Amino acid sequence: MHSITGQLSLKPGREKSVLNRHPWLFSGAIARVEGEPQPGDLVQVLDGNGRFLATGYFNPHSQIRVRLLSWDADELIDDGFWNGRLQQAKRHRQQLNLEPATTAYRLVHAEADGLPGLIVDKYGDFLVMQSLTAGIEAQKETILAALNQIWQPKGIVERSDADVRQKEGLPVINRVASGEAPPETLVIQENGIQFGVNLLGGHKSGFYLDQRENRTAVTQPHHVANKTFLNVFAYTGGFGLYAIANGAQQVTHVDSSYDALALAEQNVGCNGWKRPQDEYLAGDAFEVLRHYRDTNQTFDIIVLDPPKFAHSQRDVERACRGYKDLNWLALRLLPPGGLLATFSCSGLISADLFQKVLFGAAVDAGRQVQIIQTLTQGPDHPVLLTFPESAYLKGFLCRVW
Ligand code: SAH
(Lines give C-alpha, C1' and ligand atoms only; values in the text may rest on other atoms or scores of the structure.)
Protein backbone atom coordinates (compact mmCIF):
# COMPACT_ATOMS: atom_id res chain seq x y z
CA MET A 1 0.00 0.00 0.00
CA HIS A 2 1.64 3.19 -1.14
CA SER A 3 -1.31 5.54 -1.44
CA ILE A 4 -2.00 8.40 0.92
CA THR A 5 -5.00 7.61 3.10
CA GLY A 6 -5.17 10.66 5.33
CA GLN A 7 -4.33 14.30 5.84
CA LEU A 8 -3.30 15.77 9.16
CA SER A 9 -3.53 19.47 9.88
CA LEU A 10 -1.31 21.02 12.50
CA LYS A 11 -2.36 23.42 15.22
CA PRO A 12 -1.43 27.02 14.42
CA GLY A 13 2.25 27.71 15.11
CA ARG A 14 3.18 24.05 15.44
CA GLU A 15 4.82 23.65 12.03
CA LYS A 16 8.31 24.73 13.07
CA SER A 17 9.77 21.28 13.79
CA VAL A 18 8.36 19.96 10.52
CA LEU A 19 9.84 22.90 8.60
CA ASN A 20 13.13 22.20 10.36
CA ARG A 21 12.87 18.65 9.03
CA HIS A 22 12.71 16.91 12.36
CA PRO A 23 11.32 13.50 11.33
CA TRP A 24 8.97 13.04 14.33
CA LEU A 25 5.57 14.62 14.65
CA PHE A 26 4.03 14.32 18.12
CA SER A 27 0.33 13.89 18.77
CA GLY A 28 0.08 17.24 20.61
CA ALA A 29 0.86 19.23 17.45
CA ILE A 30 -2.02 17.78 15.45
CA ALA A 31 -5.34 19.64 15.19
CA ARG A 32 -7.29 17.37 12.84
CA VAL A 33 -7.08 14.06 11.02
CA GLU A 34 -9.02 13.68 7.78
CA GLY A 35 -9.61 10.32 6.11
CA GLU A 36 -9.28 7.09 8.02
CA PRO A 37 -5.59 6.28 8.09
CA GLN A 38 -4.72 2.93 9.66
CA PRO A 39 -1.51 2.24 11.61
CA GLY A 40 1.39 2.38 9.17
CA ASP A 41 -0.51 4.20 6.41
CA LEU A 42 0.96 7.10 4.49
CA VAL A 43 -0.41 10.53 5.33
CA GLN A 44 0.20 14.12 4.32
CA VAL A 45 0.95 16.75 6.93
CA LEU A 46 -0.51 20.22 6.31
CA ASP A 47 -0.04 23.47 8.19
CA GLY A 48 -2.97 25.32 9.79
CA ASN A 49 -3.78 26.93 6.43
CA GLY A 50 -3.94 23.65 4.54
CA ARG A 51 -0.52 24.01 2.88
CA PHE A 52 1.53 20.86 2.28
CA LEU A 53 4.46 20.39 4.66
CA ALA A 54 5.55 16.76 4.45
CA THR A 55 4.60 13.13 3.84
CA GLY A 56 5.07 10.41 6.43
CA TYR A 57 3.58 7.31 7.96
CA PHE A 58 0.97 7.33 10.68
CA ASN A 59 0.46 5.43 13.91
CA PRO A 60 -2.43 6.37 16.22
CA HIS A 61 -1.01 4.07 18.96
CA SER A 62 2.23 5.99 19.34
CA GLN A 63 2.86 9.46 20.79
CA ILE A 64 5.07 9.87 17.74
CA ARG A 65 2.00 10.09 15.56
CA VAL A 66 3.80 10.51 12.25
CA ARG A 67 7.34 9.75 11.10
CA LEU A 68 8.19 11.96 8.19
CA LEU A 69 9.71 10.57 5.02
CA SER A 70 9.66 13.42 2.51
CA TRP A 71 9.26 17.20 2.42
CA ASP A 72 8.73 17.26 -1.34
CA ALA A 73 5.05 17.33 -2.38
CA ASP A 74 5.92 15.69 -5.71
CA GLU A 75 7.85 12.76 -4.26
CA LEU A 76 5.85 9.54 -4.36
CA ILE A 77 6.43 7.10 -1.51
CA ASP A 78 6.42 4.02 -3.73
CA ASP A 79 8.76 1.04 -4.25
CA GLY A 80 11.16 3.38 -6.04
CA PHE A 81 11.32 5.62 -2.97
CA TRP A 82 12.33 2.80 -0.60
CA ASN A 83 14.73 1.42 -3.16
CA GLY A 84 16.31 4.83 -3.68
CA ARG A 85 16.87 5.48 0.03
CA LEU A 86 18.42 2.03 0.46
CA GLN A 87 20.67 2.53 -2.58
CA GLN A 88 21.81 5.82 -1.09
CA ALA A 89 22.59 4.15 2.26
CA LYS A 90 24.63 1.58 0.34
CA ARG A 91 26.65 4.26 -1.46
CA HIS A 92 27.33 6.05 1.81
CA ARG A 93 28.60 2.86 3.45
CA GLN A 94 30.80 2.00 0.48
CA GLN A 95 32.47 5.40 0.89
CA LEU A 96 33.54 4.40 4.40
CA ASN A 97 35.81 1.72 2.92
CA LEU A 98 35.35 -0.68 5.82
CA GLU A 99 35.70 -3.90 3.84
CA PRO A 100 37.63 -6.18 3.75
CA ALA A 101 39.17 -5.67 7.24
CA THR A 102 35.65 -5.20 8.63
CA THR A 103 32.80 -7.39 7.40
CA ALA A 104 30.10 -6.33 9.89
CA TYR A 105 28.69 -2.83 10.04
CA ARG A 106 25.45 -0.86 9.98
CA LEU A 107 23.89 -0.32 6.56
CA VAL A 108 20.81 1.65 7.58
CA HIS A 109 20.65 3.82 10.70
CA ALA A 110 16.94 4.56 10.67
CA GLU A 111 15.98 8.27 10.76
CA ALA A 112 19.61 9.29 10.18
CA ASP A 113 19.50 7.54 6.78
CA GLY A 114 16.08 8.94 5.90
CA LEU A 115 14.40 5.65 6.81
CA PRO A 116 12.66 6.15 10.16
CA GLY A 117 12.05 2.93 12.07
CA LEU A 118 14.35 0.76 9.95
CA ILE A 119 17.70 -0.64 11.01
CA VAL A 120 19.76 -2.92 8.82
CA ASP A 121 23.11 -4.38 9.76
CA LYS A 122 25.43 -6.43 7.60
CA TYR A 123 27.20 -9.45 9.05
CA GLY A 124 29.34 -11.01 6.34
CA ASP A 125 26.99 -12.57 3.80
CA PHE A 126 23.92 -12.05 6.00
CA LEU A 127 21.76 -9.06 6.79
CA VAL A 128 19.86 -8.41 10.01
CA MET A 129 16.89 -6.07 9.76
CA GLN A 130 14.85 -4.53 12.55
CA SER A 131 11.47 -3.01 11.89
CA LEU A 132 10.64 -0.72 14.80
CA THR A 133 7.40 0.90 13.64
CA ALA A 134 4.02 0.17 12.08
CA GLY A 135 5.05 2.19 9.03
CA ILE A 136 8.04 -0.03 8.32
CA GLU A 137 5.96 -3.09 9.13
CA ALA A 138 3.55 -2.05 6.37
CA GLN A 139 6.41 -1.78 3.86
CA LYS A 140 8.31 -4.83 5.00
CA GLU A 141 7.87 -6.95 1.89
CA THR A 142 8.96 -4.07 -0.36
CA ILE A 143 11.97 -3.47 1.88
CA LEU A 144 12.96 -7.15 2.03
CA ALA A 145 12.78 -7.38 -1.76
CA ALA A 146 14.95 -4.27 -2.11
CA LEU A 147 17.49 -5.56 0.44
CA ASN A 148 17.77 -8.82 -1.51
CA GLN A 149 18.17 -7.00 -4.78
CA ILE A 150 20.70 -4.42 -3.58
CA TRP A 151 22.94 -6.56 -1.33
CA GLN A 152 22.19 -10.11 -2.50
CA PRO A 153 22.73 -11.62 0.94
CA LYS A 154 22.66 -15.36 1.62
CA GLY A 155 19.89 -14.71 4.09
CA ILE A 156 18.07 -11.97 5.99
CA VAL A 157 17.34 -12.34 9.70
CA GLU A 158 14.56 -10.24 11.19
CA ARG A 159 15.22 -9.13 14.77
CA SER A 160 12.11 -7.09 15.38
CA ASP A 161 12.29 -7.73 19.10
CA ALA A 162 13.19 -4.28 20.46
CA ASP A 163 11.09 -2.92 23.35
CA VAL A 164 10.03 0.12 21.33
CA ARG A 165 7.77 -2.08 19.22
CA GLN A 166 5.40 -2.34 22.18
CA LYS A 167 4.80 1.40 22.00
CA GLU A 168 3.80 0.89 18.37
CA GLY A 169 1.43 -1.95 19.24
CA LEU A 170 3.56 -4.50 17.38
CA PRO A 171 4.43 -8.10 18.36
CA VAL A 172 7.93 -9.51 18.83
CA ILE A 173 9.37 -11.14 15.71
CA ASN A 174 12.59 -13.12 15.59
CA ARG A 175 12.96 -15.17 12.41
CA VAL A 176 14.78 -15.89 9.23
CA ALA A 177 12.84 -13.58 6.90
CA SER A 178 14.40 -14.70 3.63
CA GLY A 179 17.05 -17.02 2.21
CA GLU A 180 19.28 -19.28 4.29
CA ALA A 181 19.47 -19.40 8.07
CA PRO A 182 22.85 -18.19 9.35
CA PRO A 183 25.06 -20.66 11.23
CA GLU A 184 24.43 -20.56 14.98
CA THR A 185 27.75 -18.80 15.41
CA LEU A 186 28.67 -16.76 12.37
CA VAL A 187 32.27 -15.54 12.29
CA ILE A 188 32.69 -11.93 11.27
CA GLN A 189 35.77 -9.77 11.16
CA GLU A 190 36.19 -6.32 12.66
CA ASN A 191 39.44 -4.53 11.86
CA GLY A 192 40.97 -7.93 11.17
CA ILE A 193 39.86 -9.44 14.51
CA GLN A 194 37.46 -12.41 14.38
CA PHE A 195 34.26 -12.48 16.41
CA GLY A 196 31.63 -15.19 16.58
CA VAL A 197 28.15 -13.68 16.41
CA ASN A 198 24.79 -15.23 17.11
CA LEU A 199 22.42 -13.34 14.81
CA LEU A 200 19.16 -14.84 16.04
CA GLY A 201 19.97 -14.88 19.77
CA GLY A 202 22.61 -12.22 20.50
CA HIS A 203 22.03 -8.73 21.92
CA LYS A 204 20.77 -6.05 19.52
CA SER A 205 21.39 -7.48 16.05
CA GLY A 206 24.17 -9.72 17.43
CA PHE A 207 27.09 -7.39 18.08
CA TYR A 208 27.75 -3.83 19.27
CA LEU A 209 28.82 -2.46 15.91
CA ASP A 210 28.69 1.14 17.14
CA GLN A 211 31.86 0.72 19.27
CA ARG A 212 34.22 -0.29 16.44
CA GLU A 213 36.18 2.98 16.20
CA ASN A 214 36.28 3.31 19.98
CA ARG A 215 37.73 -0.18 20.36
CA THR A 216 40.56 0.92 18.10
CA ALA A 217 41.06 4.28 19.83
CA VAL A 218 41.11 2.91 23.37
CA THR A 219 43.43 -0.02 22.67
CA GLN A 220 46.20 1.78 20.79
CA PRO A 221 49.45 -0.07 21.55
CA HIS A 222 50.84 2.98 23.39
CA HIS A 223 47.86 2.74 25.74
CA VAL A 224 47.67 -1.03 26.33
CA ALA A 225 50.99 -2.77 25.54
CA ASN A 226 52.16 -4.71 28.60
CA LYS A 227 49.32 -3.30 30.67
CA THR A 228 46.60 -4.93 32.75
CA PHE A 229 43.18 -4.32 31.18
CA LEU A 230 39.80 -4.60 32.89
CA ASN A 231 36.99 -4.99 30.36
CA VAL A 232 33.78 -4.28 32.27
CA PHE A 233 30.51 -5.10 30.47
CA ALA A 234 32.60 -7.21 28.14
CA TYR A 235 29.79 -8.93 26.18
CA THR A 236 31.60 -11.21 23.67
CA GLY A 237 35.05 -9.74 24.24
CA GLY A 238 34.91 -6.49 22.19
CA PHE A 239 37.47 -4.12 23.68
CA GLY A 240 39.33 -6.98 25.38
CA LEU A 241 40.12 -8.75 22.11
CA TYR A 242 41.49 -5.54 20.64
CA ALA A 243 43.60 -5.09 23.79
CA ILE A 244 45.04 -8.58 23.34
CA ALA A 245 45.78 -7.88 19.67
CA ASN A 246 47.65 -4.75 20.74
CA GLY A 247 49.82 -6.37 23.38
CA ALA A 248 47.95 -6.16 26.71
CA GLN A 249 49.68 -8.26 29.33
CA GLN A 250 46.52 -9.51 31.02
CA VAL A 251 42.82 -8.97 30.34
CA THR A 252 39.93 -9.51 32.76
CA HIS A 253 36.47 -9.62 31.17
CA VAL A 254 33.46 -8.98 33.40
CA ASP A 255 29.85 -9.49 32.34
CA SER A 256 26.61 -10.70 33.92
CA SER A 257 25.99 -13.09 31.01
CA TYR A 258 27.71 -16.50 31.09
CA ASP A 259 26.83 -17.06 27.45
CA ALA A 260 28.45 -13.79 26.38
CA LEU A 261 31.63 -14.61 28.33
CA ALA A 262 31.73 -18.15 26.92
CA LEU A 263 31.63 -16.67 23.43
CA ALA A 264 34.29 -14.09 24.43
CA GLU A 265 36.63 -16.92 25.45
CA GLN A 266 35.83 -18.84 22.28
CA ASN A 267 36.54 -15.69 20.25
CA VAL A 268 40.01 -15.36 21.80
CA GLY A 269 40.79 -18.94 20.73
CA CYS A 270 39.29 -18.36 17.30
CA ASN A 271 41.93 -15.64 16.72
CA GLY A 272 44.66 -18.14 17.55
CA TRP A 273 45.64 -16.55 20.88
CA LYS A 274 46.64 -18.66 23.89
CA ARG A 275 45.96 -16.60 26.98
CA PRO A 276 46.03 -18.62 30.19
CA GLN A 277 46.57 -15.37 32.10
CA ASP A 278 43.20 -13.85 31.14
CA GLU A 279 40.09 -14.04 33.33
CA TYR A 280 36.37 -14.28 32.60
CA LEU A 281 34.23 -13.21 35.51
CA ALA A 282 30.46 -13.67 35.46
CA GLY A 283 28.82 -11.31 37.88
CA ASP A 284 27.31 -7.93 38.56
CA ALA A 285 29.77 -5.22 37.52
CA PHE A 286 29.08 -3.06 40.59
CA GLU A 287 29.76 -5.97 42.93
CA VAL A 288 32.89 -7.03 41.10
CA LEU A 289 34.28 -3.48 41.20
CA ARG A 290 33.48 -3.18 44.91
CA HIS A 291 35.26 -6.45 45.53
CA TYR A 292 38.35 -5.19 43.70
CA ARG A 293 38.24 -1.99 45.74
CA ASP A 294 37.96 -3.91 49.00
CA THR A 295 40.90 -6.15 48.05
CA ASN A 296 43.06 -3.23 46.80
CA GLN A 297 43.34 -4.57 43.30
CA THR A 298 44.40 -2.20 40.52
CA PHE A 299 44.29 -2.21 36.70
CA ASP A 300 46.21 0.01 34.30
CA ILE A 301 43.25 0.48 31.96
CA ILE A 302 39.53 0.07 32.64
CA VAL A 303 36.70 0.10 30.10
CA LEU A 304 33.15 0.71 31.31
CA ASP A 305 30.58 0.04 28.59
CA PRO A 306 27.30 -0.53 30.44
CA PRO A 307 23.91 -1.19 28.85
CA LYS A 308 21.47 1.69 28.46
CA PHE A 309 20.53 2.97 31.94
CA ALA A 310 17.93 5.58 30.90
CA HIS A 311 15.00 4.33 28.84
CA SER A 312 12.74 7.32 29.46
CA GLN A 313 12.99 10.84 30.84
CA ARG A 314 11.82 9.50 34.21
CA ASP A 315 14.93 7.28 34.44
CA VAL A 316 17.50 10.02 33.85
CA GLU A 317 18.21 10.90 37.49
CA ARG A 318 18.53 7.30 38.59
CA ALA A 319 20.66 6.52 35.54
CA CYS A 320 23.03 9.37 36.43
CA ARG A 321 23.45 7.94 39.92
CA GLY A 322 24.26 4.57 38.36
CA TYR A 323 26.86 6.08 36.03
CA LYS A 324 28.35 8.05 38.88
CA ASP A 325 28.69 5.01 41.16
CA LEU A 326 30.19 2.94 38.43
CA ASN A 327 32.77 5.54 37.48
CA TRP A 328 33.53 6.38 41.10
CA LEU A 329 34.27 2.71 41.77
CA ALA A 330 36.41 2.33 38.65
CA LEU A 331 38.44 5.50 39.35
CA ARG A 332 39.52 4.04 42.65
CA LEU A 333 41.06 0.98 40.95
CA LEU A 334 43.39 2.98 38.71
CA PRO A 335 47.01 3.78 39.61
CA PRO A 336 48.26 7.32 38.90
CA GLY A 337 48.56 7.60 35.12
CA GLY A 338 45.93 4.89 34.58
CA LEU A 339 43.33 5.16 31.82
CA LEU A 340 39.55 4.99 32.03
CA ALA A 341 37.40 4.58 28.92
CA THR A 342 33.85 5.25 30.00
CA PHE A 343 30.68 5.17 27.92
CA SER A 344 26.97 5.88 28.03
CA CYS A 345 24.65 4.69 25.26
CA SER A 346 21.60 6.37 26.82
CA GLY A 347 20.34 8.80 24.19
CA LEU A 348 18.57 10.79 26.92
CA ILE A 349 21.87 11.59 28.61
CA SER A 350 23.83 14.17 26.64
CA ALA A 351 27.61 14.21 26.41
CA ASP A 352 27.53 17.36 28.59
CA LEU A 353 25.48 15.69 31.28
CA PHE A 354 27.65 12.60 31.15
CA GLN A 355 30.74 14.77 31.59
CA LYS A 356 29.14 16.39 34.66
CA VAL A 357 28.42 12.95 36.11
CA LEU A 358 32.03 11.98 35.55
CA PHE A 359 33.13 15.20 37.21
CA GLY A 360 31.05 14.30 40.29
CA ALA A 361 32.58 10.84 40.39
CA ALA A 362 36.11 12.26 40.11
CA VAL A 363 35.58 14.77 42.91
CA ASP A 364 34.11 12.13 45.20
CA ALA A 365 36.91 9.69 44.38
CA GLY A 366 39.50 12.42 45.07
CA ARG A 367 41.17 11.93 41.70
CA GLN A 368 42.24 14.33 38.96
CA VAL A 369 40.87 13.26 35.61
CA GLN A 370 41.86 14.53 32.16
CA ILE A 371 39.80 13.80 29.10
CA ILE A 372 42.31 12.82 26.43
CA GLN A 373 39.82 11.83 23.75
CA THR A 374 36.07 12.21 23.29
CA LEU A 375 34.40 9.21 21.71
CA THR A 376 31.19 8.62 19.82
CA GLN A 377 29.40 6.11 17.62
CA GLY A 378 31.07 4.98 14.38
CA PRO A 379 30.49 6.65 10.99
CA ASP A 380 28.19 3.82 9.90
CA HIS A 381 25.85 5.17 12.63
CA PRO A 382 25.62 8.74 11.31
CA VAL A 383 24.02 11.58 13.24
CA LEU A 384 21.47 13.59 11.26
CA LEU A 385 21.65 17.29 12.17
CA THR A 386 17.88 17.64 11.99
CA PHE A 387 17.54 14.66 14.31
CA PRO A 388 19.93 15.09 17.23
CA GLU A 389 18.33 12.03 18.85
CA SER A 390 20.37 9.94 16.42
CA ALA A 391 23.47 10.73 18.54
CA TYR A 392 23.26 8.32 21.45
CA LEU A 393 26.69 6.87 22.19
CA LYS A 394 29.16 9.05 24.02
CA GLY A 395 32.36 8.27 25.80
CA PHE A 396 35.54 9.70 27.21
CA LEU A 397 39.02 8.29 27.28
CA CYS A 398 40.51 9.71 30.45
CA ARG A 399 43.87 9.80 32.12
CA VAL A 400 43.65 9.67 35.87
CA TRP A 401 46.16 10.76 38.44
N1 SAH B 1 31.55 -3.72 25.54
C2 SAH B 1 30.76 -4.67 24.78
C3 SAH B 1 29.29 -4.32 24.75
C4 SAH B 1 28.66 -4.21 26.11
S5 SAH B 1 26.94 -4.27 26.08
C6 SAH B 1 31.33 -4.80 23.39
O7 SAH B 1 32.30 -4.08 23.05
O8 SAH B 1 30.84 -5.62 22.62
C9 SAH B 1 26.52 -4.34 27.76
C10 SAH B 1 26.83 -5.66 28.43
O11 SAH B 1 26.57 -5.47 29.83
C12 SAH B 1 26.00 -6.86 28.02
O13 SAH B 1 26.85 -7.88 27.60
C14 SAH B 1 25.25 -7.30 29.31
O15 SAH B 1 25.20 -8.71 29.45
C16 SAH B 1 26.12 -6.70 30.38
N17 SAH B 1 25.48 -6.35 31.66
C18 SAH B 1 24.26 -5.79 31.86
N19 SAH B 1 24.08 -5.52 33.18
C20 SAH B 1 25.21 -5.92 33.81
C21 SAH B 1 25.65 -5.88 35.16
N22 SAH B 1 24.88 -5.37 36.14
N23 SAH B 1 26.87 -6.35 35.45
C24 SAH B 1 27.67 -6.86 34.48
N25 SAH B 1 27.30 -6.91 33.18
C26 SAH B 1 26.10 -6.44 32.85
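Has the stretch 89-103 got at least one residue that is within 18 Å of THR133 (Cβ to Cβ) and open to solvent by less than 50 Å² (accessible area, probe 1.4 Å)? The answer is yes; a qualifying residue exists. Among the residues of the stretch 285-293, are any within 12 Å of the ligand (Cβ to nearest atom), under 25 Å from ASP352 (Cβ atoms) and in contact with a Cys (Cβ under 9 Å, 6 or more places away or on another chain)? So far as the stretch 285-293 goes, no, none of its residues is within 12 Å of the ligand (Cβ to nearest atom), under 25 Å from ASP352 (Cβ atoms) and in contact with a Cys (Cβ under 9 Å, 6 or more places away or on another chain). Only one entry in VAL120, VAL108, VAL128, VAL157 is in contact with a Gly (Cβ under 8 Å, 6 or more places away or on another chain) and surrounded by 19 or more Cβ atoms within 10 Å (Cβ to Cβ), namely VAL128.
Among the residues of the stretch 317-345, those identified as touching a residue at least 24 places away in the same chain (Cβ under 8 Å), open to solvent by 10 Å² or more (accessible area, probe 1.4 Å) and more than 20 Å from GLN377 (Cβ to Cβ) are CYS320, LYS324, ASP325, TRP328, ARG332, PRO335, PRO336, GLY337, LEU339. Here the stretch 194-225 is the region considered, the condition is being more than 17 Å from GLY395 (Cα to Cα) and near the ligand (Cβ under 9 Å from one of its atoms), and the residue that is farthest from the chain's Cα centre (by Cα) is PHE195.
Filter the stretch 148-167 for residues that are in contact (Cβ under 8 Å) with a residue 60 or more places away in the chain and either closer than 25 Å to ALA310 by Cα or touching a Ser or Thr at 6+ places or on another chain (Cβ under 8 Å) (or both) and give the result. Full working, then the answer.
To start, the set of residues in the stretch 148-167 that are in contact (Cβ under 8 Å) with a residue 60 or more places away in the chain comprises 149-151, 163, 167.
Hits for the stretch 148-167 are ASP163, LYS167.
Tell me yes or no: at least one residue of the stretch 70-78 is in contact with a helix residue (DSSP H, G or I) (Cβ under 6 Å, 6 or more places away or on another chain) and open to solvent by less than 40 Å² (accessible area, probe 1.4 Å). Scanning the stretch 70-78, I find no residue that is in contact with a helix residue (DSSP H, G or I) (Cβ under 6 Å, 6 or more places away or on another chain) and open to solvent by less than 40 Å² (accessible area, probe 1.4 Å), so the answer is no. Strands (runs of 3 or more DSSP E) fully within the stretch 330-401 that include at least 3 residues being within 16 Å of the ligand (Cβ to nearest atom): 338-344, 394-400. Number of residues in the stretch 378-401 that are of a type outside the set (Gly, Ala, Ser), within 10 Å of GLU111 (Cα to Cα) and touching a helix residue (DSSP H, G or I) at 6+ places or on another chain (Cβ under 7 Å) equals 4.
Residues that are hydroxyl-bearing (Ser, Thr, Tyr) and open to solvent by less than 50 Å² (accessible area, probe 1.4 Å) were ranked within the stretch 226-280; the one that is farthest from the ligand (Cβ to nearest atom) is THR228.
When you scan the stretch 200-214, how many residues do you find that are open to solvent by 60 Å² or more (accessible area, probe 1.4 Å), more than 13 Å from ALA162 (Cβ to Cβ) and in contact with a helix residue (DSSP H, G or I) (Cβ under 9 Å, 6 or more places away or on another chain)? Looking only at that region, the number is 1.
Can you tell me which residues in the stretch 37-48 are open to solvent by 30 Å² or more (accessible area, probe 1.4 Å) and either under 13 Å from TRP71 (Cα atoms) or modelled with pLDDT under 95 (or both)? GLN44, GLY48, listed by residue number. Taken over the stretch 51-80, the criterion of being in a helix (DSSP H, G or I) and in contact (Cβ under 8 Å) with a residue 60 or more places away in the chain is satisfied by ASP79 alone.
Do the conditions hold for GLU184, that is, is it away from the ligand (no atom under 16 Å from the Cβ) and open to solvent by 60 Å² or more (accessible area, probe 1.4 Å)?
Numbers: away from the ligand (no atom under 16 Å from the Cβ): yes; open to solvent by 60 Å² or more (accessible area, probe 1.4 Å): yes.
Yes.
The values are calculated or read from the model by the stated rules, or taken from the named source; none is laboratory data. On a predicted model such as this, the values are computed, not experimentally measured, just so you know. For neighbour counting, all protein chains shown are included, and Cβ atoms are generated from backbone atoms with ideal geometry for every residue, glycine included. Accessible surface areas use protein heavy atoms only, side chains included; no ligands, DNA or RNA. Shrake-Rupley method; radii C 1.70, N 1.55, O 1.52, S 1.80 Å.
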